[in-house]
Amino acid sequence: MNADPLSAAVPFYDLLHEDGHVPLVRRLLPPLLAGVRHGVLEIGAGTGLITEVIARSAPGEIYALEPSLGMRSVLLSRLAVDPETRRRVTVLPCGALDAEVDDPVEAVVMISVLQSFPAAERPALWRVLARQLRPGGRLVFNWRDRATPVTGGLEPVGSYDVGRHTYEIAAQVLEVAGESVTTRFVYRVRRREVVISEDEMVTTNHWPPTAALASELKENGFTWSQAPEGMQVWHLPGPRPGA
Ligand SMILES: C[S@@+](CC[C@H](N)C(=O)[O-])C[C@H]1O[C@@H](n2cnc3c(N)ncnc32)[C@H](O)[C@@H]1O
């Protein structure tokens with residue numbers, strides 16, 4: 001029940017992503033949550049890097065949904081040292097398709113998670129997310145069109161010194177099939193030149209073009225709203241908070 005496909009990645013997660021999408025999202029997300037008072041559902045909260053941004057941007061209740069035990073453990077450690085945020089964050093230990101909030105929320109936030117959903121699962125995802133939102137509620141996620149990757153050898157992705165050790169991440173694209181890309185990640189800890197720990201993870205992500213996502217969202221009753229490059233905001237019909 002607790003088998004966690006992401007366990008190899010967890011110790012490396014904050015090191016890598018503080019260097020990746022997180023600083024940009026810290027800057028772009030807060031204005032997109034302006035006026036949200038009555039609840040946010042975060043899909044795939046990970047270690048809580050974005051949960052902190054949501055908590056600083058919106059004063060109400062937050063549901064932080066995260067299926068990975070390892071990721072969730074870091075998230076809860078973050079909450080444990082921040083009593084004010086802990087009081088209003090409920091951690092949901094399930095996948096997005098099983099999301100069920102107690103009170104419908106004004107915003108759903110999904111940062112660097114959508115690529116986990118194959119095309120066949122996305123219609124159910126949009127339906128579940130729409131069900132969690134109040135009328136006029138917004139769905140906020142990050143997305144950009146990418147060049148199709150090519151298969152090849154193992155390439156370094158990041159290297160971070162932690163005390164006397166170096167944490168290294170490398171990636172190898174194994175297969176590309178339409179929008180789906182299967183990648184092998186290698187997580188190593190080195191003490192000087194000696195590898196003292198090495199783990200691997202193989203994962204398949206899905207990268208549909210933005211235009212395809214837009215059609216799916218429109219079919220599910222969402223309307224596009226202006227957002228900065230790299231971010232997407234879609235609303236359900238109804239009165240919009242803060243409008
Ligand atoms: C790249 S991390 C992003 C974490 C966090 N949103 C951030 O930006 O730091 C992707 C997260 O999506 C979660 N995830 C994967 N499949 C999911 C699903 N079906 N439902 C909800 N979350 C999922 C993973 O467990 C992981 O924590």
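The values are calculated or read from the model by the stated rules, or taken from the named source; none is laboratory data. Just so it is clear, the model here is predicted, and its values are computed rather than measured. Glycine also receives a Cβ, built like all others from the backbone with ideal geometry; neighbour counts cover every protein chain displayed. These accessible areas exclude ligands, DNA and RNA; they are computed on the full protein's heavy atoms, side chains included. Shrake-Rupley method; radii C 1.70, N 1.55, O 1.52, S 1.80 Å.
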Net charge near Gly136 (other residues with Cβ under 14 Å of its Cβ; Lys, Arg +1; Asp, Glu -1) is +3
How big, in percent, is the set of alpha carbon pairs in the stretch 155-206 lying more than 19 Å apart?
35
Sort largest first and round to whole Å: the equivalent ellipsoid semi-axes of the stretch 20-163, each the square root of five times a Cα gyration tensor eigenvalue.
25, 20, 15
Around Val91: net Lys/Arg minus Asp/Glu count, Cβ-Cβ under 9 Å:
0
For Ser112, list long-range residues whose amide hydrogen, built 1.01 Å from N in the peptide plane, is under 5 Å from its own amide hydrogen.
Asn142
Considering only protein heavy atoms and a 1.4 Å probe, what is the carbon-and-sulfur percentage of the accessible area of the chain?
53
Expressed in Å to one decimal, the Kirkwood Rh of the stretch 159-239 from all distinct alpha-carbon pairs is 16.3
With no solvent and one point per C-alpha, what does the Debye sum give as log10 I(q)/I(0) for the chain at q = 0.09 Å⁻¹?
-0.40
